[in-house]
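Since the structure comes first, as structure tokens, the remarks are kept for the end.
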Amino acid sequence: MASRIIHLAITDSISKKYEYKDKNRLHLGSILPDAATSGNSHLKIILCDGTKKTYDLTGFRSAFLSKMLEDDLYLGYYLHLVQDLYFRNFVYDRYHWDPSPPGNIERLHNDYALLNQYVIQKYALSNTIAVPVSFDEEPLNQFGRFSIHTFLTEMKADFQSHSTGTTFFFTKEMADEFIAYACEKCMQEVHSLFHGLDCLDERALAWQRR
């Protein structure tokens with residue numbers, strides 16, 4: 001849902017407040033779900049007799065809580081799902097985004113391209129993510145087939161391109177607002193994870209199936 005550059009900005013902000021073990025693995029995890037070319041990388045599930053969808057945060061925690069506490073790749077992956085869940089809430093409920101008119105999704109993606117340089121410069125982002133040699137052995141591969149090298153090549157283009165034009169819906173102000181909002185929510189989730197407290201209930205932010 002959010003762009004990879006926005007995910008990176010949120011995660012980089014989190015890394016300034018969280019004592020991470022491996023920044024590269026944290027950053028890679030934070031964009032990894034969007035690098036899947038097949039499968040269910042966002043762990044989408046159906047609720048309420050088939051009327052709603054959400055991301056299975058509970059299932060991910062059940063499978064990988066111990067790994068999240070020790071390995072930033074898994075924490076980053078989980079926080080990506082948290083960010084996307086809040087992003088849906090942000091654009092649909094707070095700003096009443098309507099994806100149904102023809103071309104609106106493409107226009108939103110163009111907004112991301114227009115904002116990339118703004119976000120990169122404002123949050124002082126750098127493109128240093130490297131793929132671990134043993135990535136193919138990671139249990140995360142059960143969620144889909146990840147074309148990481150292609151995805152990172154595309155992200156390199158995000159850093160190099162300078163798109164011009166006027167945003168259609170998603171503005172600089174909205175980007176800043178969401179990054180701050182998501183960073184706050186993710187830090188709450190990190191605190192809960194590391195202190196054994198109740199974590200985000202994905203059902204509370206489930207969305208209506210279209």
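Modelled spin-label separation between ALA157 and GLN188, with each label point placed 7 Å from Cα along the Cα-to-Cβ direction: 3.7 nm.
For the range 81-196, what relative contact order do you get, as a whole percent, if you take Cα pairs closer than 8 Å and at least 6 residues apart? Can you show the working numbers first?
On the way: 51 pairs, mean separation 49.8, N = 116.
Answer for the range 81-196 is 43 percent.
Straight-distance candidates among the aspartates and glutamates for linking to LYS52, with alpha-carbon spacing under 13 Å and chain neighbours fewer than 8 residues away dropped: GLU202. Within a straight-line Cα-Cα reach of under 25 Å, LYS23 can be paired with the following lysines, leaving aside sequence neighbours fewer than 8 residues apart in one chain: LYS67, LYS122, LYS156, LYS185. Between LYS16 and ASN89, the FRET efficiency from the beta-carbon distance, with R0 = 22 Å, is close to 0.35.
Relative to the compact-globule estimate of 2.2 N^0.38 Å, the Cα radius of gyration of the range 1-82 comes out at 1.13.
Membrane-span-like helices in the chain, defined purely by DSSP H runs whose alpha carbon atoms cover 20 Å or more axially and whose average Kyte-Doolittle hydropathy reaches -1.0, are 72-88, 104-122, 172-195. Ordered by the number of other Cβ atoms lying within 10 Å of each residue's own Cβ, fewest first, TYR92, TYR78 fall into the sequence TYR92, TYR78. Computed from the C-beta positions of TRP207 and VAL133, the FRET efficiency with R₀ = 35 Å rounds to 0.40. Computed from point charges on the beta carbon alone (+1 for Lys and Arg, -1 for Asp and Glu), the dipole magnitude for the chain about its Cα centre is near 260 Debye.
Each reported figure results from applying straightforward, stated rules to the coordinates on display, with no laboratory input. These numbers were taken from a predicted model, which means no experiment stands behind them. With ideal geometry, Cβ positions are generated from the backbone for all residues, glycine too; neighbour counts draw on all protein chains shown.
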